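Remarks on the structure that follows.
The values are calculated or read from the model by the stated rules, or taken from the named source; none is laboratory data. Since the model is a prediction, treat every value here as computed from it, not as a measurement. Virtual Cβ from ideal backbone geometry, glycine too; neighbours counted across all protein chains shown. Calculation scope for accessible area: heavy atoms of the full protein, side chains included, ligands and nucleic acids excluded. Shrake-Rupley method; radii C 1.70, N 1.55, O 1.52, S 1.80 Å.
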Amino acid sequence: MKVVVVGGTGLIGKRLVALLKAKGHDVVAAAPSTGVDAVTGEGVAAALEGAHVVVDVANAPSFEDAAVKAFFEASTGHLLAAAAHAGVRHYVALSVVGTERLQGSGYFRAKWAQEQRIRAGGVPYTLVRATQFFEFLDGIAQSGMQGDDILLPSARMQPIAADDVAAMLAVVVDSTPAEGIVEIAGPQARPMATFVADHLRSCGDPREVRAAADAPYFGMPLDDDTLLPTGIARIAATDYAAWSLRR
């Protein structure tokens, strides 16, 4: 099949492109650096011509409320219009577990709006919601900095490796559209503060991590299960220890 991976040069996209090429698909890595800008629409129609599947793993360069809203509105609009015109049979988009429970954030409001637009877009689709990536643990730690220490929620998270996200997306590409949500997650759920503290120790970082039930996550309050999958999720094999050894 011809598969267009939007955001094909990023963290997930470059992994997915390699996997799909290894499986024999004709893959287009679509990104501004390759002449395809979903936000402006430049190169989108040409890239999607003859495509069977579109996978959107692109992320906004800015998480400021207005900027992220504009990014997903523009990019999703251009991609859906081009996909419908090209007769694309499957539109796959990467989203985040708990999106509807995180609406205090402008970023997650934008992701929720993106999901709703894809649902109503007229192209067969699958929304793949992933938990936080192991690769984001440093950023989560930085978000909780208070002086020389780190304060994070005691709520649980179930992080997943970027390699596993790409592998699971590759399976979805070869499947029929779910016309709904597929959730994917790592193998272990533990308190966020515990994950981050273990990660920092493994990196030789001496900062102390403290946990509190009311500590915010990027400015938002969390319940214990806000970031966890609901129902039956597809569980990846790579745990933190295995990821840490190969990072």
Quiz item: Looking at this structure, is Ala74 in contact (Cβ under 8 Å) with a residue 12 or more places away in the chain, part of a loop (DSSP other than H, G, I, E, B) and among the hydrophobic types (A, V, I, L, M, F, W, C)?
Solution: no
Quiz item: What is the residue count in segment 78-100 for residues that are open to solvent by 20 Å² or more (accessible area, probe 1.4 Å), over 15 Å from the mean Cα position of the chain (by Cα) and either closer than 17 Å to Ala31 by Cα or modelled with pLDDT under 95 (or both)?
Solution: 1
Exercise. Select from segment 200-219 the residues that are surrounded by 12 or more Cβ atoms within 10 Å (Cβ to Cβ), at pLDDT below 95 and within 15 Å of Gly139 (Cβ to Cβ) and list them in ascending order.
Key: Cys203, Asp205, Arg207, Pro216, Tyr217, Phe218
Quiz item: Val53 versus (1) of a type outside the set (Ser, Thr, Tyr); (2) in contact with a His (Cβ under 6 Å, 6 or more places away or on another chain); (3) open to solvent by 60 Å² or more (accessible area, probe 1.4 Å); (4) closer than 28 Å to Thr230 by Cα: which is the lone unmet condition?
Solution: (3)
Exercise. Can you tell me which residue among Arg207, Arg201 is over 22 Å from Gly106 (Cβ atoms), of a type in the set (Lys, Arg) and either in contact (Cβ under 8 Å) with a residue 24 or more places away in the chain or touching a His at 6+ places or on another chain (Cβ under 9 Å) (or both)?
Key: Arg207
Self-check item: Unique residue being at pLDDT 95 or above, surrounded by 15 or more Cβ atoms within 10 Å (Cβ to Cβ) and over 23 Å from Asp224 (Cα atoms) when the list is Met168, Met192
Solution: Met168
Quiz item: List pairs: first in segment 122-145 and within 28 Å of Asp174 (Cα to Cα) and at pLDDT 95 or above, second in a loop (DSSP other than H, G, I, E, B) and open to solvent by less than 20 Å² (accessible area, probe 1.4 Å), Cβ under 6 Å, 6+ apart or cross-chain?
Solution: Val123/Val88; Arg129/Val97; Thr131/Val97; Thr131/Pro159; Gln132/Pro159; Phe134/Pro159; Phe134/Ala161
